[in-house]
Amino acid sequence: MSAAGSSNPEFVVARVRARRGQLYGDEEYRKLVRMTPAEIARFMEESGYEAEINALGSRHGGVDLIEYALNANLAKQFEGILDWSEGALYDLIARYLRKFDAWNVKTVIRGVYTDASQEAIESDLIRAGEFDDRRIRRLLEADSIDAVVEVLEDTIYGDTLREAYAEYEETDVLVPLENAVDRAFYERLLGNLPGGEPTRQYEAFLKAEVDFRNATNALRLARSGAEIDPAEYFIEGGELFTRDTLARLARNVDELVEYIAESGYADELGPALRELEEADSLIAFEHATDTALLAYGDRLGTIHPVSVTPVISYILAKEREVENIRAIARGKEAGLSADEIESELVIT
Amino acid sequence: MLEATNALGNAVLSTGGTLTDPSAAAALAVGLAALGAGYAERGIGSAAVGAMAEDDDLFVNGLILTVLPETIVILALVVVFIV
């Protein structure tokens, strides 16, 4: 579990491939959509989530139990992957999994801001990133945002957070802090990637993700018509947009749609863009980006079988499974019909 | 590992000039084949252990696949009997 020494893709890929076979498929999803939350929890207990459901079953119930069990299982699996991998492989995987660190930091900051209790914050954390238990404990014990920033001083978020904290003190809104965390994460994500053909493919995937994130943000801003500077939400590293083109395009939905339709992602996103023009609904577009990323991830794992790409492909598939089950459980809770829930799922 | 092979080759070339003794050449061939088999087993072995950690039933398959490259050494051993 360190970035030193040579990497061991054979071992990690073999384990990850075995785990991938245990993920839910079409058949299981069809069953899950027709179950009540309690039945879903039972179904999960009988498949790969047994330990988590049993551990959390006494404290939570219903949809909350499903949600916490999913988060706990996700964290356990990804921590495991980081534990096994060594050398350059560790570095490449940690880059992507740091997004859970970013999520945890944001959760803690929001929790402190709204005076939430320590237990409430703790149950929303996903311990899948690089932070160890000691740092998470110290984060949870922090009673002010200043203290949170201090705990993170020696991490990659230290400098940017310190700068953003000054801005936060003036305005008392969280946006600068959250932006600072995101920016620190994305800077590390794509900076100094080592060479090699598998890594290039990994990089292309990461860039597509950044592009889609930018496109979704821009579409949301353009449709809401809010007077927010789009450049503030711009994420560096993608290929589709620069800060200037995004700022210009976010003022006009039609131009933006046209710009995306003429880009390299036209094949994947074309149908969704037409739907966006006709039905004026962003949901189809967000689904299309998710499906495109997942399909890309599946393809990614087959070209270079002994490299970082199958591992990333598994991480994506696992995340998708967790999101799908959560969508089913939440949909059931809200009383949606099976067909409606099925249209919300992202399955390849 | 590959650097070691180079060093070995250099050492052989610098001491004897050209390799003229058939037995020595055969020995070298077996040694190099064993080296190659070891390198192949390194990757297969770690993948097999990974698969076994997930599913104990894979022990037999893992063992068989791990020792498959060993055949290279056995084939190389034939050279010893021919010369």
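The values are calculated or read from the model by the stated rules, or taken from the named source; none is laboratory data. A quick note: this is a predicted structure, and the numbers were derived from the prediction, not measured. So basically every Cβ, Gly included, is an ideal-geometry build from the backbone, and we count neighbours across all protein chains shown.
Can you confirm whether the range A:183-206 contains a residue that is more than 18 Å from the chain's Cα centre (by Cα), under 26 Å from A:V253 (Cα atoms) and loosely packed, with under 13 Cβ neighbours inside 10 Å?
No, because not a single residue in the range A:183-206 is more than 18 Å from the chain's Cα centre (by Cα), under 26 Å from A:V253 (Cα atoms) and loosely packed, with under 13 Cβ neighbours inside 10 Å.
Sort out which residues of the range B:51-64 are closer than 20 Å to B:A37 by Cα and within 11 Å of another protein chain (Cβ to nearest Cβ), and write them in order of number.
Matches in the range B:51-64: B:G62 only.
Can you report the number of residues in the range A:89-115 which are buried (at least 20 other Cβ atoms within 10 Å of the Cβ), more than 17 Å from the chain's Cα centre (by Cα) and over 30 Å from A:V173 (Cβ atoms)?
Summing the residues that are buried (at least 20 other Cβ atoms within 10 Å of the Cβ), more than 17 Å from the chain's Cα centre (by Cα) and over 30 Å from A:V173 (Cβ atoms) in the range A:89-115 gives 2.
Any residue at all in the range B:32-46 that's under 14 Å from the mean Cα position of the chain (by Cα), at pLDDT below 95, within 14 Å of chain A (Cβ to nearest Cβ) and assigned to a loop (DSSP other than H, G, I, E, B)?
Checked against the condition, which is being under 14 Å from the mean Cα position of the chain (by Cα), at pLDDT below 95, within 14 Å of chain A (Cβ to nearest Cβ) and assigned to a loop (DSSP other than H, G, I, E, B), the range B:32-46 yields no hits at all.
For the list (1) within 14 Å of chain B (Cβ to nearest Cβ); (2) in contact with a helix residue (DSSP H, G or I) (Cβ under 8 Å, 6 or more places away or on another chain), I need the number of the one condition that A:Y96 fails.
A:Y96 satisfies every listed condition except (1).
Please list, ordered by residue number, the helices (runs of 4 or more DSSP H) wholly in the range A:1-55 having 2 or more residues that are within 14 Å of another protein chain (Cβ to nearest Cβ).
In the range A:1-55, the matching helices (runs of 4 or more DSSP H) lie at A:9-21.
Looking at (1) modelled with pLDDT under 75; (2) closer than 30 Å to A:M44 by Cβ, which is the one condition that is false for A:A338?
(1)
Could you list, in sequence order, all residues of the range B:68-79 that are in a helix (DSSP H, G or I), surrounded by 13 or more Cβ atoms within 10 Å (Cβ to Cβ) and not acidic (D, E)?
B:I72, B:V73, B:A76, B:L77, B:V79
Which residues, counting only those in the range A:226-261, are within 26 Å of A:L177 (Cβ to Cβ) and either modelled with pLDDT of 75 or more or in contact with a strand residue (DSSP E or B) (Cβ under 6 Å, 6 or more places away or on another chain) (or both)?
Matches in the range A:226-261: A:F234, A:I235, A:E236, A:G237, A:G238, A:F241, A:T242, A:R243, A:D244, A:L246, A:A247.
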